[in-house]
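Take a look at the structure below.
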Amino acid sequence: MLLGRPATQSSREESEERLLVEAAQANPSKFLELYERNFERVYAFVARRVRDRDVAEDLTSEVFHKALVHLPGFDWRGVPFSAWLIRIAGNLVHDHWKRTAREVVEQPPEVGSGRDPEQIEHLARVFRMVSNLPPDQRRVIELRFAEGKSIREIAHDLGRSEGAIKQLQFRGLESLRMQLSEKHGKA
């Protein structure tokens, strides 16, 4: 059993997200905040799988369009809203590769559409843990692993030394490791 601020902050963010979803279900103009909170994550997911900026932008746009259209039917089950968006994105990427497979002989990259619900929930927990990191660590982890940037690129983007970026990455990953081991009862 975990006690302390991280669990409280996580449950606070979960209830805040739930309120945002309910507000958007009642009034679609409230969807903007959900869009802004999740755009980077969804775009990074799609971009890593299609490797074409224009296609990634189109598919990301389609993800949010489908989410908005189907939002009234969304049931809150305690899993982050972003997991639902990623599932939509995975399906759209899969459909994109099926369409283009007829035109191109290349094999599509794995899209993760075969993931089981437990794996999706685990990834959602990791996303929540990343969002609870201090801002500098969170940004470095997102740039490094979601966007696939190198240490040098991140250092340039953030105006920091490569050593500082490596240290932030190390601390962020160490914090995530500790949180995951606590969740699984390991010390």
Practice prompt. State all residues of the stretch 139-187 that are surrounded by 15 or more Cβ atoms within 10 Å (Cβ to Cβ), closer than 29 Å to residue 17 by Cα and either polar (S, T, N, Q) or in contact with a Gly (Cβ under 7 Å, 6 or more places away or on another chain) (or both); if no residue qualifies, say none.
Written response: 140, 141, 169, 175, 179
Item to complete: Could you list, in sequence order, all residues of the stretch 143-184 that are part of a loop (DSSP other than H, G, I, E, B) and in contact (Cβ under 8 Å) with a residue 12 or more places away in the chain?
Response: 147, 148
Response to the item:
Given (1) surrounded by 19 or more Cβ atoms within 10 Å (Cβ to Cβ); (2) under 17 Å from the mean Cα position of the chain (by Cα), residue 57 misses just (1)
Discussion item. Condition check: of a type outside the set (A, V, I, L, M, F, W, C), surrounded by 15 or more Cβ atoms within 10 Å (Cβ to Cβ), modelled with pLDDT under 90 and within 21 Å of residue 128 (Cβ to Cβ). Does residue 108 satisfy that?
Written reply: no
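Would you call residue 11 of a type in the set (Ser, Thr, Tyr), more than 23 Å from residue 139 (Cα to Cα) and modelled with pLDDT under 90? Steps first, answer last, please.
Values: of a type in the set (Ser, Thr, Tyr): yes; more than 23 Å from residue 139 (Cα to Cα): no; modelled with pLDDT under 90: yes.
Criteria not met by residue 11.
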Discussion item. Pairs please, first residue from the stretch 21-34 and farther than 19 Å from residue 78 by Cα, second anywhere and among the small types (Gly, Ala, Ser), Cβ atoms under 6 Å, 6+ apart in sequence or on different chains.
Written reply: 30/23; 30/24
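Look at residue 131 and say whether it is at pLDDT 85 or above, small (Gly, Ala, Ser) and surrounded by fewer than 19 Cβ atoms within 10 Å (Cβ to Cβ).
Details: at pLDDT 85 or above: no; small (Gly, Ala, Ser): yes; surrounded by fewer than 19 Cβ atoms within 10 Å (Cβ to Cβ): yes.
In short, no.
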Worksheet item: Quick one: would you say residue 94 is assigned by TED's automatic domain parsing to the domain that holds residue 11, assigned to a helix (DSSP H, G or I), farther than 17 Å from residue 43 by Cα and at pLDDT 80 or above?
Response: no
Worksheet item: What residue, among those in the stretch 135-184 that are over 26 Å from residue 50 (Cβ atoms) and basic (Lys, Arg), is modelled with the lowest pLDDT?
Response: 183
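The values are calculated or read from the model by the stated rules, or taken from the named source; none is laboratory data. Quick caveat: nothing in here was measured; it's all calculated off a predicted structure. Because the Cβ atoms are built from the backbone with ideal geometry, glycine has one as well, and the counts that use them run over all protein chains shown.
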